[in-house]
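The values are calculated or read from the model by the stated rules, or taken from the named source; none is laboratory data. Only a predicted model underlies this, so the values are computations on that prediction, with no experimental measurement involved. In this analysis, Cβ positions are derived from the backbone assuming ideal geometry, glycine residues included, and neighbour counts consider all displayed protein chains.
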Amino acid sequence: MNKILLIIKREYLTKVRKKTFIISTLLFPLLYLGLIFGIGYLGEKSKKNLTVAVVDSSGYFDAGRIARANGKDSSSVLVLTNMKVDSLKENLGATSFDAFVVIPAIDDWKNGLRNIPLQADKTLGMETAMPVQSKLNNIWGEIKNEKLGISDSTINQLESSQVTIKPVNINDENADSKIAGTIGYVAGFLIYFILLIYGSQVMMGVMEEKTNRIAEVIVSSVKPFQLMLGKILGIGLVALTQFFLWIAFIFIVYNVTKASGAGDSVSGMVGGVQKVFSSINVPLVLFCFVFYFLGGFFFYSSLYAAIGSAVNEDMREAQSLSFPVTMLVIFSIALMSMAMNDPTGPIAVWGSIIPFSSPIVMMARIPYGVPGTVPWWHLGLSMALLIAGFVFTTWFAGKIYRTGILMYGKKPTWKELIKWAFRKN
Amino acid sequence: MPLLELQNLKKYFATQKAVDDISLSIEPGSIFGLLGPNGAGKTTLIRMITGIFYPDEGQIIFDGKKFDPVNDIGRIGYMPEERGLYKKMKIGEQTLYLAQLKGLTRSDATKKIKEWFIRFEMESWWNKKVEDLSKGMQQKLQFVTTVLHEPKLIILDEPFSGLDPVNSNLIKEEIYKLAQSGTTVIFSTHRMEQVEEICSQIVLVNKGQKILDGTVKEVKQNFKENLFSIGVNQLPGSLNGNSPFEVVGNKEQAFVVRIKAGSKPNDVLQYLLQQGSEIHSFNEILPSLNDIFIKLVEGTPTARQFQQVNN
């Protein structure tokens, strides 16, 4: 036991003192925030507000209506013009217009206006073109109302009286499915990243010990199983440390922003966080996160350790052998996104109970509420099966590891690995 | 009472009888040479003694009791042929870690490491990394990590490979000192001249079986071919049929002769004196271990063939 502690300590200290750990701990939240804001910013920037010339042959699209429509929303600008279609076509680049529409003469307003070409000197995307359509519809709506003799007050009544719905869970009145969905999504993805990144760290660590031949020195002092377990636990602690540092980081940022006081965006954010706290069971979610993170980590990293012990220094061997294991993790993420759409459906339920996918899928379900969405027995069964699952994979991996760590030469197949696991000493 | 006794040890792998019924015993304080060609089963044998492998059959008796890997490996030091250290770890920390894994307390280990580092002029290495060391320096470090916890049994697999003569001698001296203080050393190698120089007892294994066992002296006696080197001014012109020897060679004013069966060295001297030869020297030529090794191993395929093992 004492020796396992020594191994854990070495593993933990060497990893935590590495520059890559410090950098990745600091950089990941920044990258994450950068990604979220960056995408929003870029999306905002790439959206273009079109200025569109309107050539009206119908007489309906007059300057007054166009000015009113421009006043209502600014996502595109319509300008009534007297220019001829031919000269517009030829000189569009020289004008201040991005595109133009020609409104034909209208025989019967009831037929509407269909497939009016929005002509431009380049191909316009749907997202850019849609505001023009909705603006023209705005004007068209005004024309229709006039034709039908509907007054402004009637229009207001029509618009303000509507039916909307809001999903409410009768077991959990506070649950907000939007917040729960976001939390679940983030938690599921975080576990996914941790499994892949730290799982492969375990694999690389084992490969390093094997190719350095230090493994043979160490297994003459401790049992191979102790060496493997020490490595897994040590790296697991590193991952946990990183996670808690992030939580602390969020906490500090939150309190600093809160203390910095006024400002609409600050109070909006503080209010948002308070809303999150009131709508989900934070201690339970946090506890489950740590549980599923550790359970999933043990489940997968022992398999990665077994693979690391079986291959030689060649990275490609390791990749091809670890492919099925990595596929399981990726498959779990696919299950999770299906479960997000229907957190009580059969895929969500089974995905969150079967050990290989439960760490990711269950984490996506839990924020929706326990026992509202996830009955206690689901959670209990899922946890028990995950424990049984990682006890099994650790045992299985230990058997492979014991043989693999001292075996040099040809890369074994999965069939051979399974044979190693089930033969007697 | 022997420190280590192997009784009918067997270890079969899927395609090889790696160790096939080997028994031997090693006295405390002796330097024991474990010899054999590549793939003879030496590493497998050593791995069973270090508790890495369990034997399929047979028993290991360590220090009078049945070998119990969990408790006994703290009293064994093993330096494998393929050296292994963490490349990126600081040398002081690494040595401390390996010593603690062998069961030493932190303070005890620190004290001992400092002693050894001073003895081997390695004090300035403490905060360096293994990757900064040359191959020979790594070798010295590996030796220190092997003997640091004062094991009763030390197993060294090719300890001198990659060392210059000065450092070889340094380690050789340490091995002698350890043996004198009662430590038993198992020394595995193919370098016969080192075995002749260092070992008191040897075992030769080939194809998983023991084919030779004894002290270096005994082995040489057993394999002697009754060859003598005689330094004379002149051999008798013609040897008649009843001379007790035949000449097999001549080098540097000395003749190499083989004494015929039934005759003794004294008969040779007598014969030569009677013939009036003047004798300067008369030496027995014993075979070198190298010759014996080659003679015994020759004829068997140089590489072990794979075979089906039924077990």
Any residue at all in segment B:135-148 that's under 24 Å from B:L45 (Cα atoms), without any contact (Cβ under 8 Å) to a residue 60 or more places away in the chain, surrounded by fewer than 20 Cβ atoms within 10 Å (Cβ to Cβ) and more than 13 Å from chain A (Cβ to nearest Cβ)? no
Residues satisfying the stated conditions in segment B:158-192, i.e. outside any loop (DSSP other than H, G, I, E, B) and surrounded by fewer than 16 Cβ atoms within 10 Å (Cβ to Cβ): B:P165, B:V166, B:N169, B:E173, B:Y176, B:K177, B:Q180
Quick one: how many residues across segment A:66-93 are part of a helix (DSSP H, G or I) and of a type in the set (A, V, I, L, M)? 5
In segment B:204-219, is there at least one residue being under 24 Å from A:S220 (Cβ atoms), over 12 Å from the mean Cα position of the chain (by Cα) and in contact (Cβ under 8 Å) with a residue 24 or more places away in the chain? yes
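Search segment A:331-376 for residues being without any contact (Cβ under 8 Å) to a residue 12 or more places away in the chain and under 15 Å from the mean Cα position of the chain (by Cα), and hand back the single one that is farthest from A:K415 (Cα to Cα).
Kept after step one, since they are without any contact (Cβ under 8 Å) to a residue 12 or more places away in the chain, are these residues of segment A:331-376: A:334, A:337, A:341-342, A:345-346, A:350, A:375-376.
So of that shortlist, the ones also under 15 Å from the mean Cα position of the chain (by Cα) come out as A:334, A:337, A:341.
Working: A:A334: 27, A:S337: 32, A:N341: 38 Å.
Within segment A:331-376, the match that is farthest from A:K415 (Cα to Cα) is A:N341.
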Can you tell me which of (1) without any contact (Cβ under 8 Å) to a residue 40 or more places away in the chain; (2) assigned to a helix (DSSP H, G or I) is the one A:N115 doesn't meet? (2)
Per the filter on segment A:382-413, residues outside any loop (DSSP other than H, G, I, E, B), touching a residue at least 24 places away in the same chain (Cβ under 8 Å) and of a type in the set (A, V, I, L, M) are A:M383, A:L385, A:L386, A:I387, A:A388, A:A397, A:I400
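Out of A:V282, A:V253, which single residue is within 20 Å of A:L30 (Cα to Cα), surrounded by fewer than 14 Cβ atoms within 10 Å (Cβ to Cβ), modelled with pLDDT under 85 and not small (G, A, S)? Give the steps one after another, and end with the answer.
Details: A:V282 fails: within 20 Å of A:L30 (Cα to Cα).
On inspection, the qualifying residue turns out to be A:V253.
Can you tell which of B:E27, B:E57 is surrounded by fewer than 18 Cβ atoms within 10 Å (Cβ to Cβ), under 27 Å from B:N290 (Cα atoms) and more than 10 Å from every other protein chain (Cβ to nearest Cβ)? Let's see the steps before the verdict.
Details: B:E57 fails: under 27 Å from B:N290 (Cα atoms).
Of B:E27, B:E57, the one residue that is surrounded by fewer than 18 Cβ atoms within 10 Å (Cβ to Cβ), under 27 Å from B:N290 (Cα atoms) and more than 10 Å from every other protein chain (Cβ to nearest Cβ) is B:E27.
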Taking into account only those residues within segment B:64-100 that are free of Cβ contacts under 8 Å to residues at least 24 places away in the same chain and over 27 Å from the mean Cα position of the chain (by Cα), which is farthest from B:S134 (Cα to Cα)? B:Q100
When you scan segment A:341-357, how many residues do you find that are farther than 15 Å from A:I330 by Cα and hydroxyl-bearing (S, T, Y)? 1
Between residues in segment A:140-155 that are free of Cβ contacts under 8 Å to residues at least 60 places away in the same chain and residues that are surrounded by 10 or more Cβ atoms within 10 Å (Cβ to Cβ) and assigned to a helix (DSSP H, G or I), which pairs lie under 6 Å by C-beta distance while being six or more apart or on different chains? A:K147/A:W109
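Out of curiosity, is A:S24 surrounded by fewer than 15 Cβ atoms within 10 Å (Cβ to Cβ), in contact (Cβ under 8 Å) with a residue 12 or more places away in the chain, in a helix (DSSP H, G or I) and of a type outside the set (F, W, Y)? Don't jump to the end; show me each part of the working.
Numbers: surrounded by fewer than 15 Cβ atoms within 10 Å (Cβ to Cβ): yes; in contact (Cβ under 8 Å) with a residue 12 or more places away in the chain: yes; in a helix (DSSP H, G or I): yes; of a type outside the set (F, W, Y): yes.
So A:S24 passes the test.
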A:V222 modelled with pLDDT under 90, closer than 28 Å to A:F21 by Cβ and either in contact with a helix residue (DSSP H, G or I) (Cβ under 9 Å, 6 or more places away or on another chain) or aliphatic (A, V, I, L, M) (or both): yes
Enumeration of residues in segment B:1-36 that are in a strand (DSSP E or B), within 23 Å of B:V216 (Cβ to Cβ), in contact with a Phe, Trp or Tyr (Cβ under 9 Å, 6 or more places away or on another chain) and of a type outside the set (D, E, K, R): B:L4, B:L24, B:I26, B:I31, B:F32, B:G33, B:L34, B:L35
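Given the structure, is B:E123 touching a helix residue (DSSP H, G or I) at 6+ places or on another chain (Cβ under 7 Å) and charged (D, E, K, R)? Let's see the steps before the verdict.
Values: touching a helix residue (DSSP H, G or I) at 6+ places or on another chain (Cβ under 7 Å): yes; charged (D, E, K, R): yes.
Considered against the rule, which asks whether it is touching a helix residue (DSSP H, G or I) at 6+ places or on another chain (Cβ under 7 Å) and charged (D, E, K, R), B:E123 comes out as yes.
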Tally the residues that are under 18 Å from B:L9 (Cα atoms) and either basic (K, R) or out of contact with any strand residue (DSSP E or B) (no Cβ under 6 Å at 6 or more places or on another chain) (or both), restricting the search to segment B:205-232. 4
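Among A:V163, A:V132, which is the only one that is outside any helix (DSSP H, G or I), within 34 Å of the chain's Cα centre (by Cα) and either within 14 Å of another protein chain (Cβ to nearest Cβ) or at pLDDT 85 or above (or both)? Walk me through it before giving the result.
On the way: A:V132 fails: outside any helix (DSSP H, G or I).
One residue alone meets the criteria, A:V163.
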Among the residues of segment B:78-97 satisfying the criterion of being facing chain A (nearest Cβ under 7 Å) and outside any loop (DSSP other than H, G, I, E, B), which is surrounded by the fewest Cβ atoms within 10 Å (Cβ to Cβ)? B:Y97
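Does any residue of segment A:49-63 turn out to be under 27 Å from the mean Cα position of the chain (by Cα), outside the structural domain of A:F225 (by TED's automatic domain parsing) and β-branched (V, I, T)?
There is no residue in segment A:49-63 that is under 27 Å from the mean Cα position of the chain (by Cα), outside the structural domain of A:F225 (by TED's automatic domain parsing) and β-branched (V, I, T).
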Kindly indicate the residue of segment B:101-118 that is without any contact (Cβ under 8 Å) to a residue 12 or more places away in the chain and more than 9 Å from chain A (Cβ to nearest Cβ) and also nearest to B:I60 (Cα to Cα) among those meeting that condition. B:T105
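From the residues in segment A:201-210 that are surrounded by fewer than 21 Cβ atoms within 10 Å (Cβ to Cβ) and not acidic (D, E), which one is nearest to the chain's Cα centre (by Cα)? Give the steps one after another, and end with the answer.
Within segment A:201-210, the subset surrounded by fewer than 21 Cβ atoms within 10 Å (Cβ to Cβ) is A:201, A:204, A:208.
Pick out the ones that are also not acidic (D, E) and you get A:201, A:204.
Numbers: A:Q201: 23, A:M204: 27 Å.
Only one residue fits best here, namely A:Q201.
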Considering (1) buried (at least 16 other Cβ atoms within 10 Å of the Cβ); (2) of a type in the set (D, E, K, R); (3) over 17 Å from B:E158 (Cα atoms), say which one B:K66 fails and leave the rest. (1)
Considering residues of segment A:216-233 that are within 7 Å of chain B (Cβ to nearest Cβ) and part of a helix (DSSP H, G or I) only, the residue nearest to A:A421 (Cα to Cα): A:E216
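One line per residue, one yes/no per condition, for (1) under 18 Å from B:F53 (Cβ atoms); (2) surrounded by fewer than 19 Cβ atoms within 10 Å (Cβ to Cβ); (3) within 14 Å of another protein chain (Cβ to nearest Cβ):
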position	(1), (2), (3)
A:F390	no, no, no
A:T403	yes, no, yes
A:K411	no, yes, no
A:I418	no, yes, no
